[in-house]
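Q: Quick one: the structure is below, questions incoming.
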Amino acid sequence: MELLVNIVLLILLVATAGALVVVRGLLASTMLTSVYGLLCASFFVTMDAVDVAFTEAAVGAGVSPLLLLLTVAAIGRGEPRPVGALPVLAIVLVPVTAALLIIGTLDMPPFGSPDAPAHTHVAPRYLQLSGEEIGIPNVVTSVLASYRAFDTLGEVLVIFTAGVAVLLILATPGQRGSARPRYVPDNHRDPHTILQIVSRILIPFILLFALYVQFHGEYGPGGGFQAGVIFASAIILYGLLYGLPTVCRVVRPAVVEWLSAVGVLIFGITGVFAMLSGRPFLDYSVFADDPVTAQHIGILVVELGVGITVASVITVIYYAFANQFETAES
Amino acid sequence: MDVLSYFNYWAVVVLMMLGFFIVIARANLVKKLIGLNIFQTSVFILYISAGKVIGGSAPILSDDVTLYSNPLPHVLILTAIVVGIATTSVGLALVIRIHAAYGSVNQNDILKQDQQC
Amino acid sequence: MILALTVIVLLLVMVVALLRAFAGPNVFDRVLAANLFGTKTVLLIATISYLFGSPDFLDIALVYALINYISVIGVLRITELRNEQQGADG
Amino acid sequence: MSAILEPLSSVCLLLGSFLLLTGALGFLRFADFYARLHACGVTETLATALIILGLMLQATDSALPQFKLLLILLFVLFSSPTASHALAKAAWNAGVRPRDRRGRRDIALPPGDR
Amino acid sequence: MLSHIALLPVLLPLIGAPACAILRRPVFAWGFASSVAALAFLSAAILLKLTFEHGVIHYSLGGWAAPWGIEYRVDLLNALVLLLVSGIATTVLVASRTSVWHDIAENRRGLFYVACLLCLAGMLGIAATGDAFNLFVFLEISSLSTYALVACGRDRRALLAAFNYLVMGTIGATFILIGIGFVYMLTGTLNMTDLAQRLPGLGESRTVFAAYAFIVVGVCLKLALFPLHLWLPGAYTHAPAIVTAFLAATSTKVALYVLIRFSFSVFHLESSRLALSLEAVFITLGIVAVFAGSLVAIFADNLKRGLAWSSIAQVGYMTIGIGIGTAAGLQASLIHLFNHALMKGTLFLALAAIAIQVGGNEFSKLRGIGRRMPWSCAAFTVAGISLIGIPGTAGFVSKWYLVTAALAGEQWFLVLLIVAGSLLTAVYIWRFVEIAWLDSAPEKATGGDGEAPSVLLAATLMLALANIYFGFDTRLQVSASGGAAAALLGEAAQ
């Protein structure tokens, strides 16, 4: 039964990707990208990758179609061009890469076999010892925040770089690099009363759910990234309905940019803490004498740093994109 | 059972090639980014299906479960998803600026404008 | 057994939603298909977690519903603003 | 006690699945956008509620899944109708008008609603 | 503090970047960025001295042992690249003030320096890490910040160049991710030394070959080796002058380090049965790159575009060094890696100075520039001579070691091609010398108070002198690269 769901989802994924090759309009492609993200997230659930499904749903089906939409809106629909001659480069390159990939899959261990090398060398230690060494049930969070914490620091830096890069590219002249919006009068004819009322009821629960996900990361699926994305999507929902100037008054752009830098520093400083007392970088055993509670404190603080950075960077990117769009309108 | 055991990997290959084709064949810059997104997502599927153990459950320690799926690919893919969204957002920011500067998002028009001036 | 049947029906509905997403004459049909797809995924995840006996997946189902709502609202608000913009300078 | 719950949950799930199928069929076959929106609305609210109810009646050791399912049900019941409403309003503003059964001509609307 | 020295060069810019983002005023950002780069350079120098004395330095992050946690394993090769990248970064950042104030809009300068620090952190992270996936993450950090830096160019074509660079760079990075995924599936580990021990045990499995192929193609995309170089000319030409100076001297070098590390340390290229065919591929691609790059550089109308194509040619020389396959060839490649950074750093810094005075890099604008900017053009000419490889300069040392390595392998035809390549380089350098010094300056000299701003001039002259100094005192780069090459081929032999 599990295999059936897995195969059907894969077929749907390939069908959506095929449709994306064929479909011409940008709005239609955005919709299909959103469907593709949802399918991908469901596939990850059937593959027992719970945290990854969480993130892919929040990012792949939530944030990236939204950014695509803002771009499509800012550039206007962009008239679909007639398909040019099929480029010869594609006809040559794609089969060559496909052949190389197929060669690659020939000697791979069969799918799902428990004695594949990947499951017998490094991973068993995480599964067996993380219970005593770190003491939290969600092994993915313990590997993410403790065993390979430097990877996560690198990743937080990637999302911070994306924020800096978007601001550097989209910073409209005259602003100190932040999307301080010029006042756009709320001249939308219909104020969407129903949407605003319902959203006003839902947004507090979404923010509460984001905090739950942030601090529930040790026991079930969740953690800094997912919480950050959900927090940012609540702000984006508020921004969509009440317009950019209102949301900029609630969550000021300068503060959000400052927070994205502070989040990375929180993560970095917790690492440097260990160096001051001679332990290697990002070694949490300095926070408390009992090693397990030290790990808990370390992971909690680190996940908080991740959550702050991800939430503020996605909000910064939304402001930069929405600001482009609103100026085009005024 | 042999065909099924490699089905995941064949699907990954097909998805990768569809994404790669969109990136190369389509002239619209936004479509290129969507193709890039598909190309990256198919690599995630490759990693995650490599981490799956048939009969194993999600890597959340609970006493009644003995066989778990491999948690390491999940950690790697959490990082890769964030890298994917970072690249997409920077790419889309560039597309907006290119549209503002050239008035079009079609690569052929842009190259024509470049050759003229 | 009934859970397996529900999963199959849900997959079927998702296939139908995809067909409409591909064929849909205008954009709003595709938006509707994406919305339907989102809610069905919520149900699929909930049913799967019960079928495979690990009911702590339900947080993900809640996130799906939340993300689905936000993306539909996002699509509609932005297509609306864009129509006004094209109306304004059209 | 569980003797009653088990068949009740099966009945709910079966009813929910049936409604899903009919809704999906309508979504595929109906002529114009608003008819499809109606068909899709049915599946989103009633069928979802039935299936979640059916899942809640399933026996589980701790009560946490039931509470989470209740949260999901509440959220879906809040967000789905709003989404359908927003979709209909956006389509109407964008100029999509209801068509007749074979989807060719626009239905003549009372002057006020043009 | 000394026990953390292996991590310091990476940690300083890594923590420095967000800290720099908090500073409000751009002048502080410039000062802060250059001091962080200088500190990183200092710690990299200490690290190199330690690797000379103690050989390999291990540093396990988070306190977890090697295959389970992430581990830094710094040997001579890492330390050399770390020193080179942080040294060039310090010089360029210190000299960047006037050029950035000239090129970049006022509200973007603060963020510009944050992006520079992030790019530096990414590159140092790649050069220092001992974990394959960590390398991918830091590769992504340096690439993303590079796309933003290139997009800061004044010309609208910089945006398109940045977009093409983004698409090709992401495809390259994803290829590397696929390669790492295949290798992870076969061995179960991500630590490079652990991989090196477990891969030979798999024998000649096709998946290992596919993994190596994917990683090499991905890295060659980043390295801009000939068939995969399409993004480089546009990116280097339209990027701001300081960004081109920074990237030309560092990013291709780090990519070359990754190619060498994966080929020799992880996949043991020389002991696999495909060794001969792969080395032949490297040599042919290298030669094609040398000739294609040099020929296009000769006919380029814009000096900056010419130098970008010359970079592609020089990357070809380094790949020839790898293709020779012996320890001498590898050493020659590493020496050229070191010297090329010095040459290109000087050339592009001189161009930055010229661009400020003349407002462009087209040859038509450079007529008689030698008289108006004598020192900058002198530095340019010295670096040009070093590029050709005339005795007494660093370029000669790398060409010399490359030729002796080729001679040792009795590849006469290769020696001929290398010398021919140098002659082509001489043509396009002479083209500049002729226009700058021999042509008469146009009467309506567009004002400009002559020489470049003092700090930029000082940096250019310092790098030019370094070219000459390392032409004579070759102890540093020869011993370091010799030790590294021996270690690379040695550890494979165990």
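The values are calculated or read from the model by the stated rules, or taken from the named source; none is laboratory data. Since the structure is predicted, the reported quantities are computational estimates derived from the model, not experimental observations. In this analysis, Cβ positions are derived from the backbone assuming ideal geometry, glycine residues included, and neighbour counts consider all displayed protein chains.
Q: Quick check on my filter: what residues within region A:112-130 are buried (at least 20 other Cβ atoms within 10 Å of the Cβ) and part of a loop (DSSP other than H, G, I, E, B)?
A: If the condition is that a residue be buried (at least 20 other Cβ atoms within 10 Å of the Cβ) and part of a loop (DSSP other than H, G, I, E, B), then A:GLY112, A:ALA116, A:VAL122 are the ones that fit.
Q: Look through A:GLY223, A:GLY263 and report the one residue that is under 21 Å from the mean Cα position of the chain (by Cα), assigned by TED's automatic domain parsing to the domain that holds A:ILE197 and at positive phi.
A: Result of the check over A:GLY223, A:GLY263: A:GLY223.
Q: Let me ask another. Out of the helices (runs of 4 or more DSSP H) lying entirely within region A:1-111, which hold 1 or more residues that are at pLDDT 90 or above and either surrounded by fewer than 24 Cβ atoms within 10 Å (Cβ to Cβ) or more than 14 Å from chain E (Cβ to nearest Cβ) (or both)?
A: A:2-22, A:26-46, A:50-58, A:64-75
Q: Step by step: first the residues of region E:191-246, then only those that are within 17 Å of A:PRO117 (Cα to Cα) and among the charged types (D, E, K, R), then the one that is surrounded by the most Cβ atoms within 10 Å (Cβ to Cβ). Which residue is that?
A: This residue is E:ASP194.
Q: Could I ask something else about it? State whether one or more residues within region E:123-139 are touching a residue at least 24 places away in the same chain (Cβ under 8 Å), part of a helix (DSSP H, G or I) and among the charged types (D, E, K, R).
A: Looking for residues that are touching a residue at least 24 places away in the same chain (Cβ under 8 Å), part of a helix (DSSP H, G or I) and among the charged types (D, E, K, R), one finds none in region E:123-139, hence no.
Q: A follow-up question, please. Suppose we keep only residues that are in contact with a Leu (Cβ under 8 Å, 6 or more places away or on another chain) and touching a residue at least 24 places away in the same chain (Cβ under 8 Å) within region A:264-293. Which one would you say is surrounded by the fewest Cβ atoms within 10 Å (Cβ to Cβ)?
A: Among residues in region A:264-293 that are in contact with a Leu (Cβ under 8 Å, 6 or more places away or on another chain) and touching a residue at least 24 places away in the same chain (Cβ under 8 Å), the one surrounded by the fewest Cβ atoms within 10 Å (Cβ to Cβ) is A:ILE266.
Q: List the number of the failed condition for E:GLU410; all other conditions in (1) more than 27 Å from E:ASN302 (Cβ to Cβ); (2) in contact with a helix residue (DSSP H, G or I) (Cβ under 6 Å, 6 or more places away or on another chain); (3) modelled with pLDDT under 80 hold.
A: Unmet condition: (2).
Q: State whether the residues of region D:85-99 include one that is among the hydrophobic types (A, V, I, L, M, F, W, C), modelled with pLDDT under 90 and assigned to a loop (DSSP other than H, G, I, E, B).
A: yes
Q: How many of the residues in region C:18-32 are more than 7 Å from every other protein chain (Cβ to nearest Cβ) and part of a helix (DSSP H, G or I)?
A: 1
Q: Right, something else. How many residues does region D:51-73 hold that are part of a helix (DSSP H, G or I) and surrounded by 14 or more Cβ atoms within 10 Å (Cβ to Cβ)?
A: 14
Q: Within region E:246-266, is even one residue within 11 Å of another protein chain (Cβ to nearest Cβ) and out of contact with any helix residue (DSSP H, G or I) (no Cβ under 6 Å at 6 or more places or on another chain)?
A: No; the residues of region E:246-266 include none that is within 11 Å of another protein chain (Cβ to nearest Cβ) and out of contact with any helix residue (DSSP H, G or I) (no Cβ under 6 Å at 6 or more places or on another chain).
Q: Also, I was wondering about something else. When you go through (1) farther than 14 Å from E:PHE348 by Cβ; (2) crowded, with 24+ Cβ neighbours inside 10 Å one by one for E:LEU303, which number turns out not to apply?
A: Condition not satisfied by E:LEU303: (1).
Q: With the requirement that a residue be touching a Phe, Trp or Tyr at 6+ places or on another chain (Cβ under 8 Å), surrounded by 21 or more Cβ atoms within 10 Å (Cβ to Cβ) and not in a helix (DSSP H, G or I), what does region E:387-420 give you?
A: Of everything in region E:387-420, just one residue is touching a Phe, Trp or Tyr at 6+ places or on another chain (Cβ under 8 Å), surrounded by 21 or more Cβ atoms within 10 Å (Cβ to Cβ) and not in a helix (DSSP H, G or I), namely E:GLY389.
Q: Confirm whether B:LEU61 is aliphatic (A, V, I, L, M), surrounded by fewer than 24 Cβ atoms within 10 Å (Cβ to Cβ) and closer than 30 Å to A:GLN324 by Cα.
A: No, not satisfied.
Q: I would also like to ask the following. For region B:10-28, check the following and say yes or no: at least one residue is crowded, with 23+ Cβ neighbours inside 10 Å, of a type outside the set (Val, Ile, Thr), closer than 30 Å to B:GLY103 by Cα and touching a residue at least 40 places away in the same chain (Cβ under 8 Å).
A: No, the conditions are met nowhere in region B:10-28.
Q: For region C:68-76, does any single residue satisfy the condition of being under 14 Å from the mean Cα position of the chain (by Cα) and either in contact (Cβ under 8 Å) with a residue 40 or more places away in the chain or not in a helix (DSSP H, G or I) (or both)?
A: Checked region C:68-76: at least one residue is under 14 Å from the mean Cα position of the chain (by Cα) and either in contact (Cβ under 8 Å) with a residue 40 or more places away in the chain or not in a helix (DSSP H, G or I) (or both).
For (1) in contact with a Cys (Cβ under 9 Å, 6 or more places away or on another chain); (2) modelled with pLDDT of 85 or more, each residue gets a yes or a no:
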| residue | (1), (2) |
| --- | --- |
| E:PRO9 | no, yes |
| E:ALA19 | no, yes |
| E:VAL36 | yes, yes |
| E:ALA65 | no, no |
| E:GLU71 | no, yes |
| E:VAL92 | yes, yes |
| E:ALA105 | yes, no |
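Q: What single numbered condition from (1) touching a helix residue (DSSP H, G or I) at 6+ places or on another chain (Cβ under 6 Å); (2) closer than 22 Å to A:ASP151 by Cα; (3) free of Cβ contacts under 8 Å to residues at least 60 places away in the same chain; (4) within 10 Å of another protein chain (Cβ to nearest Cβ) fails to hold for A:LEU259?
A: Tallying (1) touching a helix residue (DSSP H, G or I) at 6+ places or on another chain (Cβ under 6 Å); (2) closer than 22 Å to A:ASP151 by Cα; (3) free of Cβ contacts under 8 Å to residues at least 60 places away in the same chain; (4) within 10 Å of another protein chain (Cβ to nearest Cβ), A:LEU259 fails exactly one: (4).
Q: Then there is this: Quick check: anything in region E:20-42 surrounded by fewer than 17 Cβ atoms within 10 Å (Cβ to Cβ), within 25 Å of E:THR252 (Cα to Cα) and of a type in the set (S, T, N, Q)?
A: Checked region E:20-42: at least one residue is surrounded by fewer than 17 Cβ atoms within 10 Å (Cβ to Cβ), within 25 Å of E:THR252 (Cα to Cα) and of a type in the set (S, T, N, Q).
Q: Sticking with this one: Taking E:THR425 as the residue in question, decide whether it is under 23 Å from the mean Cα position of the chain (by Cα) and modelled with pLDDT of 85 or more.
A: Judged against the criteria, E:THR425 is a match.
Q: To continue, here is another question. In the list C:ILE73, C:ILE48, which residue meets the criterion of being under 30 Å from A:PRO137 (Cβ atoms) and either among the hydrophobic types (A, V, I, L, M, F, W, C) or buried (at least 20 other Cβ atoms within 10 Å of the Cβ) (or both)?
A: C:ILE48
Q: I've got another one for you. Return the residues of region B:12-66 that are in a loop (DSSP other than H, G, I, E, B), at the interface with chain A (Cβ under 7 Å from one of its Cβ atoms) and either within 22 Å of A:LEU127 (Cβ to Cβ) or of a type in the set (Lys, Arg) (or both); say none if nothing qualifies.
A: Hits for region B:12-66 are B:LYS52, B:VAL53, B:ILE54, B:GLY56, B:ALA58, B:PRO59, B:LEU61, B:SER62.
Q: Quick one: would you say A:GLY243 is more than 10 Å from chain E (Cβ to nearest Cβ) and under 30 Å from D:ALA83 (Cα atoms)?
A: In short, yes.
Q: Being under 21 Å from A:ILE194 (Cβ atoms), more than 7 Å from every other protein chain (Cβ to nearest Cβ) and out of contact with any strand residue (DSSP E or B) (no Cβ under 8 Å at 6 or more places or on another chain): is that true of D:LEU19 here?
A: In short, no.
Q: If the requirement is being in a helix (DSSP H, G or I) and either within 23 Å of E:TYR72 (Cβ to Cβ) or not basic (Lys, Arg) (or both), which of these qualifies: A:LEU282, A:LEU241?
A: A:LEU241 is the lone residue from the list that is in a helix (DSSP H, G or I) and either within 23 Å of E:TYR72 (Cβ to Cβ) or not basic (Lys, Arg) (or both).
Q: If you go through region E:111-122 one residue at a time, do you hit one that is part of a helix (DSSP H, G or I), over 22 Å from E:LEU39 (Cβ atoms) and either of a type in the set (Gly, Ala, Ser) or in contact with a helix residue (DSSP H, G or I) (Cβ under 8 Å, 6 or more places away or on another chain) (or both)?
A: No; the residues of region E:111-122 include none that is part of a helix (DSSP H, G or I), over 22 Å from E:LEU39 (Cβ atoms) and either of a type in the set (Gly, Ala, Ser) or in contact with a helix residue (DSSP H, G or I) (Cβ under 8 Å, 6 or more places away or on another chain) (or both).
Q: Hey, another quick one. For the subset of region D:35-48 comprising residues that are facing another protein chain (nearest Cβ under 10 Å) and closer than 18 Å to D:ALA90 by Cβ, which member is nearest to the chain's Cα centre (by Cα)?
A: D:GLU44
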